[in-house]
Structures are given as structure tokens and as C-alpha cells.
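Written below as C-alpha cells is the structure these notes are about.
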Amino acid sequence: MSKNIIITGTSRGIGFELVQLFSSAGYNVLALSRNEKPIQNLQLENVTALPFDLSKPKDYKLVEEFIKNEWKHVDVLINNAGTLLNKPFSETAIEDFEYVYKTNVFGVAEMTRIIIPFMEKGSHVVTISSMGGVQGSMKFPGLSAYSSSKGAVITLTELLAEEYKESGISFNVLAIGAVQTEMLAEAFPEYQAPTTALEMAQYIFNFSLTGNKYYNGKMLQVSNSTP
């Protein structure tokens, strides 16, 4: 039986590459992104692309309905969607923090909460965090909202693994280093990352399918450089 995979943030970067990797390996994919067109335009087999905004409650209902009607169960959830803000702290208002946390923390929590009832023993929730969210890691000015939000989902993952440990569902978080994506280029135009979106997607692809055999409630640092 083919596995069912949900990926958020699929319009570009790592999420866009992940959808193609899972599709070519024969998995069923639900690709969720505010802009569903890039994935729809690929016309991939076994892939459904839905417009989805992590900050809109009604969008979660659509996902629930899709799973109930089409799949019945979910094997892997990859919380990949994220928003990056590079702004001096003195200019970072409460609205900025709310905007970043809505996607990076509240969205991850709600998406996971909605999907867990459709998961069973052996299912895997993988959340994409950042090295900037790791306690003791090198920090960068301008990333107070972004990096603190990425720290929050690391702790959230540890809590979920404890709360659901009897279920056989695994929860892990990957704190990734700098990856050359459009999001990074927008925030840091001059910076060249050592890892491509496809290279990181290949690692996440493998980890999401096999990492739960070895890890639960763990944060893995996936970075060959600092940042």
C-alpha cells in the first residue's frame, strides 16, 4: 500500500523539491501552499496541490475533508512551511512577531493537531526548524522573531513525542543550516549557502521515511557549516 505524505510550504525551495521526490518514488502527496500553482503546473501523478494558508482556520477543514474522503490515514507529515523576517529588534513590533509565529509556531501546532487523528503506529511527523533556533548556536542580528519561533517548535516536538509516546507515532525536528532558497535570498541577498534546496530535500525525504526507526522527540542538527 502506497504511503500518504503531507507537505506544507511547497510552492518553492525545499518543499517544491520534496513533492517531486515523493512523487517520483510512487508516494501519494498532498502539497499545501498559499500558491498551489507551481506544483499543479508540474502535473505529477499521485499529487494533489491545494491552496492553503496556515493562518486560516477554514483551510484546515479542507485538509481534514480531503483525508477523510480520499486517504483515511496519513503516514508522514512534513511541517516545512515557514516565514523569514530579517529586521532589527528595535523595529520588530508585536505584529511582526505575530506574523512570524502564526506560520512558524501556531501553524505547525495546528496542522499537527489536525493530522494526528489520521495517524497510526509507525507514522512520522517531521518539523523543519533552523540552526538559529538551537540553544547555544551562533545567532544573527535581525532574526529575533524568526529564530525564536524556530526554537519554539523544537520544544513543541519534544513535548508531542512525550504526550503521544503510547501511540507509536514519532515526532522529530530537523534544525537545518543555511540552504540556498528564494526565502534565504530575500532575507540575505549577498549570502551564498553551501547546500542546495534539492540536496536538503533528499536528506529530509530519507529521514521522514526511515528516521522514526531510530529517533523520537529528537532535534537533529543538519548543517555542514555555521551559519
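A few comments on the model shown:
- The set of residues in the range 1-23 that are closer than 19 Å to THR196 by Cα and either over 16 Å from the mean Cα position of the chain (by Cα) or in a strand (DSSP E or B) (or both) comprises ILE7, THR8.
- Against the criterion of being hydroxyl-bearing (Ser, Thr, Tyr) and touching a Leu at 6+ places or on another chain (Cβ under 7 Å), SER23 qualifies.
- Failed condition for SER55, given (1) open to solvent by 40 Å² or more (accessible area, probe 1.4 Å); (2) more than 30 Å from PHE140 (Cβ to Cβ); (3) part of a loop (DSSP other than H, G, I, E, B); (4) not aromatic (Phe, Trp, Tyr): (2)
- Selection from the range 1-58 of residues that are aromatic (Phe, Trp, Tyr) and closer than 23 Å to GLN180 by Cα: PHE16, PHE22
- Qualifying position, being of a type in the set (A, V, I, L, M) and open to solvent by less than 30 Å² (accessible area, probe 1.4 Å), among ALA31, ALA25: ALA31
- Among the residues of this structure, PHE66 counts as one that is at negative phi and touching a strand residue (DSSP E or B) at 6+ places or on another chain (Cβ under 8 Å).
- Some residue of the range 45-52 being closer than 23 Å to ILE128 by Cα, open to solvent by 60 Å² or more (accessible area, probe 1.4 Å) and at pLDDT below 95: no
- Evaluation of LEU62 against the conditions (1) assigned to a helix (DSSP H, G or I); (2) touching a Ser or Thr at 6+ places or on another chain (Cβ under 7 Å) shows that the sole unmet condition is (2).
- Of all residues in the range 65-74, those satisfying the criterion of being surrounded by 15 or more Cβ atoms within 10 Å (Cβ to Cβ) and either of a type in the set (Gly, Ala, Ser) or assigned to a helix (DSSP H, G or I) (or both) are PHE66, ILE67, TRP71.
- The residue list ASN69, ASN80 contains one member that is farther than 15 Å from GLY151 by Cβ, in contact with a helix residue (DSSP H, G or I) (Cβ under 9 Å, 6 or more places away or on another chain) and either touching a residue at least 60 places away in the same chain (Cβ under 8 Å) or not small (Gly, Ala, Ser) (or both), which is ASN80.
The values are calculated or read from the model by the stated rules, or taken from the named source; none is laboratory data. Everything numeric in this text was worked out from a predicted model, so none of it was measured. Neighbour counts are summed over all protein chains in view; Cβ atoms, including those assigned to glycine, are modelled from backbone coordinates with ideal geometry. The area values use the complete protein model at the heavy-atom level, side chains included, leaving out ligands, DNA and RNA. Shrake-Rupley method; radii C 1.70, N 1.55, O 1.52, S 1.80 Å.
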